[in-house]
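Here is the structure we will look at, set down as structure tokens.
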Amino acid sequence: SLDVASGEVLAMEGGFEWIKDKSEFNRAVQATRQPGSAFKPIIYATAMNQGMSPATVVLDAPVVYEQEEEDKTWKPENYGKRFHGIVSLREALIHSHNLATVRLLDKVGIRNVIDFSRTVGIVSPLAADLSLALGSSGVGLMELVSVYGVFANQGMRVEPYAVASVQDSGGRTLDQAAIQPRQVVSRETAYLITNMMEDVIQRGTGVAAKAVIDRPVAGKTGTTNDFTDAWFIGFDPSITVGVW
């Protein structure tokens, strides 16, 4: 859980095995897992940067890609194996349509999405292929939560920090976290993506959150095959929270 404006770590749970002296591995900051559809807002934000809008339409229908280097084909599918035809980008993100997102990634350009990912704070290696639309490349939990914080913070990025300051026994400050907000996304793009993710909670894949959170929030779910990984990242104007 991060403070939107400052990047301060408000809460962190990276595992419980250390209690039993088994492991000190902190999954919140050390593990990289496939984010699935939780990566999609980055792709849609890239589209907004290119002049598209939530009302821009894309086709959600079966498609097969030839992978010449590996001499095989790739046929992405939607959850439930249903297709929805021509849909708006808003509806595609709200309901997490995979095929529409794959086509959108192809349209905006894989390299453009990777470059934008770096701008908003993704540092993990990303596969330069269309499977990126389905969140196939592993990222860290705090890493992705801080990216969502950019949208919550009207396009401003702040680096997460866990230690505010260090003082000696005399009260002299030896070190202090430097909070340096940077505008990395336009306020317009941040607003549009936030607004779309509010609809994810109101009537999309994150609707379960609406029953337990009694204030306006935005967010996105993400799952991988057989629910090996399940994510939820959400925010209000002051706090961004991610759960794996």
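Results, tabulated for the structure shown:
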read-out	value
All Cα pairs of the chain, percent lying beyond 34 Å	18 percent
Debye, to nearest 20: dipole size of the stretch 50-158, +1 on Lys, Arg Cβ, -1 on Asp, Glu Cβ	460 debye
Relative packing of peptides 172-179, 156-163, 9-16 - highest average C-beta neighbours within 10 Å first	156-163, 9-16, 172-179
Charge sum, other residues only, whose C-beta stays under 14 Å from residue 82's C-beta, Lys/Arg counted +1 and Asp/Glu -1	-2
The stretch 1-74: relative contact order as a whole-number percent, Cα under 8 Å and 6+ apart	13 percent
Residue 180/residue 215 FRET efficiency (R0 22 Å; Cβ-Cβ; nearest 0.05)	0.15
Mean Cβ count within 10 Å, highest first, over the residues of peptides 135-144, 22-31	135-144, 22-31
Nearby lysines by direct alpha-carbon distance to residue 75 (threshold 22 angstrom, same-chain neighbours under 8 apart not counted)	40, 107
Dipole magnitude (debye, nearest 20) for the chain, charges at Cβ of Lys, Arg, Asp, Glu	540 debye
Principal axis box of the stretch 1-102, alpha-carbon based, largest edge first, Å	51, 40, 27
Pairwise FRET efficiency - residue 188 versus residue 243, Cβ, R0 = 25 Å, nearest 0.05	0.30
In order through the stretch 74-89: 3J(HN,Hα) via Karplus (6.51 cos²θ - 1.76 cosθ + 1.60), integer Hz, x for Gly, Pro	10, 10, x, 9, 7, 4, x, 6, 10, 10, 10, x, 7, 10, 6, 4
Residue 195-residue 118 FRET efficiency (beta carbon distance; Förster radius 22 Å; 0.05 resolution)	0.35
Gain upon complete extension [residue 165, residue 13; 0.36 nm per residue less C-alpha separation]	52.6 nm
Check: the stretch 1-115 dipole with +1 on Lys, Arg Cβ and -1 on Asp, Glu Cβ, in debye	400 debye
Positive-pole candidate from 85, 64, 112, dipole of the stretch 60-116, charges at beta carbon	85
Given charges at Cβ of Lys, Arg, Asp, Glu: the stretch 115-244 dipole, positive-most of 212, 128, 237	237
Cα gyration tensor category, rounded, prolate or oblate, for the stretch 53-116 with a/c compared to 1.5	oblate
Under 12 Å from residue 72, Cα to Cα: aspartates and glutamates that are on another chain or at least 8 residues apart	none
Point-to-point label distance, residue 75-residue 172, nm (Cα→Cβ direction, 7 Å offset)	7.1 nm
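Throughout, read-outs are computed from the coordinates displayed, never taken from laboratory work. Source: prediction; values computed, not measured. FYI the Cβ positions are ideal-geometry reconstructions off the backbone, even for glycines, and counts take in every protein chain you see.
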